[in-house]
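Chemist: Handing you a structure now.
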Amino acid sequence: MDDSAFVRKIVREMLSSSAEIEVVGLARNGMDALEMVAELQPDVVTCDLVMPELDGVGFVRQQMERKPVPILILTASPQDGAQALEALEAGAVDFIQKPTSLASNDLNVIREELIEKVKTAALARSGPAHPVKLAPEFVPPSPSPAAKNVDIVVLGISTGGPQALRYLVPQFAADFPVPLVMVLHMPVGYTAAFAEKLAELSRLRVSEASEGCIVQAGEALLAPAGRHLTFKRTPGGQVQVRLSLQPSDKPHRPSVDVLFESAANLYRNRVLGVVMTGMGDDGRQGAAWIKAQGGIVLTESEDSCIIYGMPRSVVESGLSDGTAPLSSMAAEINRRI
């Protein structure tokens, strides 16, 4: 769905190049799409954000009220970040950024990513994972500092991640006794806006990680898209964030594996790794590093994952110390700490 006939044509051609995908209809705006989805019953819908009559966010909301279906958002630039996040909150599964140029060659650059994300979306549970409904006076209990078994929580998440983190992170108390550092697979330019949204909802201090920032208890850091996040201890004993493009052989940047390995190397057996919803196996190798150092690994259970890929890879490798659905993951993390 796109109000540009040219973009609709290019997207159809890209998707049709895959033998596993059949394009059953083209809509020029959200109103048309609502009617076509009801008639054609597609497995996945791709959706532009800015359209006349009914925009992408409005379409996602109305479609989810009618009948949930996996929706993949196509966004033009990071300037649309607020709208893209709003669409995810409304129930879209994932999003992909279109090139800034409308030249055919530029659009075709995203062919493989688009095909892969459409195939992933077809496997996804559709609809919002959980609404964020925390009463202002509710403060989840935090563990006693004297009972602290770990010094850091590192978390990896992908498809379905924005929805899940909007539910999970606000449940931690302001005096959460260790740092929380997260990798979320997201296009470059969107993690800062998402971190700001999390900060508005949370009692923890939430921000996008920056080069050299200090890792502290009561703070949640989100790795910036496009950079791996690792740790380094200063001569004074503090732990700093390091951001880099290396290693370049990882399919994702930032990589959950890179985050977990660095945490295990620095914090040894006092690491709690958490692997949540997402496609693929990023986090499996990192979980092995954490386990090798004597740390703990938790995985999200299949019944609450939008995509049970990353957690499955950890569980099937025998690396998970326990599973929890999203609804009780915060409590399980607190208990393990």
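Chemist: How much area per residue is accessible in segment 177-329 when the probe is 1.4 Å and only protein heavy atoms are counted (Å²)?
Modeler: 38 Å²
Chemist: Multiply the residue gap between K67 and Q238 by 0.36 nm, knock off their C-alpha separation, and tell me the result in nm, one decimal place.
Modeler: In short, 56.5 nm is gained.
Chemist: Could I ask something else about it? If I compute solvent accessible area with a 1.4 Å probe over the protein chains, what percent of it on the chain is carbon and sulfur?
Modeler: 49 percent
Chemist: Let me ask something else about it. Describe numerically, in nm with one decimal, the distance between label points set 7 Å from Cα along Cα→Cβ at D321 and at Q246.
Modeler: Here the answer is 3.2 nm between the modelled labels.
Chemist: With the Cα gyration tensor of segment 165-245 giving a ≥ b ≥ c as the square roots of its eigenvalues, does the rule (a/c under 1.5 for rounded; else a/b larger than b/c for prolate; else oblate) give rounded, prolate or oblate?
Modeler: Oblate is the answer for segment 165-245, as a/c is 1.5 or above yet b/c matches or exceeds a/b.
Chemist: Under a 10 Å cutoff between Cα atoms, tell me which one of L245, L204, L272 has the largest fluctuation in the Gaussian network model of the chain.
Modeler: L245
Chemist: In debye, nearest 20: dipole of segment 160-244 around its Cα centre with unit charges on the Cβ of K, R (+) and D, E (-)? Write down the numbers at each step before the final one.
Modeler: Numbers: 8 positive and 6 negative charges, 38 e Å.
With Lys and Arg at +1 and Asp and Glu at -1, about 180 debye.
Chemist: OK, next. For a protection proxy built on the mean count of beta-carbon atoms within 10 angstrom, sort 180-191, 18-29, 217-228 highest first, please.
Modeler: 180-191, 217-228, 18-29
Chemist: Can you give me the Cα centroid spacing of segment 30-98 and segment 249-321 in angstrom?
Modeler: 30 Å
Chemist: Once the dipole of the chain is set up with Lys and Arg at +1 and Asp and Glu at -1 on Cβ about the Cα centre, which of G280, I71, L26 lies farthest towards its positive end?
Modeler: G280
Chemist: Let me know the shape class of segment 196-337, please: from the alpha-carbon gyration tensor, a ≥ b ≥ c as square roots of the eigenvalues, rounded when a/c is under 1.5, otherwise prolate if a/b is greater than b/c, or oblate. It would help to have the intermediate numbers written out before the result.
Modeler: Working: a/c = 1.40, a/b = 1.26, b/c = 1.11.
Rounded shape, in that the Cα axes give a/c under 1.5.
Chemist: Give the residue from L222, V181, S207 lying farthest towards the positive end of the charge dipole for segment 181-251; charges sit on Cβ (+1 for Lys and Arg, -1 for Asp and Glu) and the dipole is referred to the Cα centre.
Modeler: Comparing the listed Cα positions along the dipole, V181 ranks first.
Chemist: So, with +1 on the Cβ of K and R and -1 on the Cβ of D and E, and no other charges, what is the size of the charge dipole of the chain about its Cα centre, to the nearest 20 debye? Each step should come with its number before you reach the end.
Modeler: Numbers: 31 positive and 40 negative charges, 234 e Å.
I would put it at about 1120 debye.
Chemist: While we're looking at this one, here's another question. Looking only at Q238, Q293, Q97, which one moves most when the chain is put into a Gaussian network model with springs between Cα atoms under 10 Å?
Modeler: Q238
Chemist: As a test of the formula, what do you get for the chain when each DSSP H run with n ≥ 4 contributes -39,500 (n - 2.57) and the sum is divided by the residue count, at 222 nm and rounded to the nearest 500 deg cm²/dmol?
Modeler: -10500 deg cm²/dmol
Chemist: Would you work out which of S327, W289, T299 lies farthest towards the positive end of the dipole of segment 276-331, given +1 charges on the beta-carbon of Lys and Arg and -1 on that of Asp and Glu, about the Cα centre?
Modeler: W289
Chemist: What is the packing order of peptides 46-56, 31-41, 164-174, taking the mean over residues of other C-beta atoms within 10 Å and listing the highest first?
Modeler: Sorting 46-56, 31-41, 164-174 by mean packing, highest first, produces 164-174, 46-56, 31-41.
Chemist: R0 = 25 Å: FRET efficiency of L201 with S77, Cβ-based, nearest 0.05?
Modeler: Working: r = 25 Å, r/R0 = 0.99.
Working from the Cβ atoms, E equals 0.50.
The values are calculated or read from the model by the stated rules, or taken from the named source; none is laboratory data. This one's a predicted model, so the numbers in the text were calculated from it and none came from an experiment. Virtual Cβ from ideal backbone geometry, glycine too; neighbours counted across all protein chains shown. The area values use the complete protein model at the heavy-atom level, side chains included, leaving out ligands, DNA and RNA. Shrake-Rupley method; radii C 1.70, N 1.55, O 1.52, S 1.80 Å.
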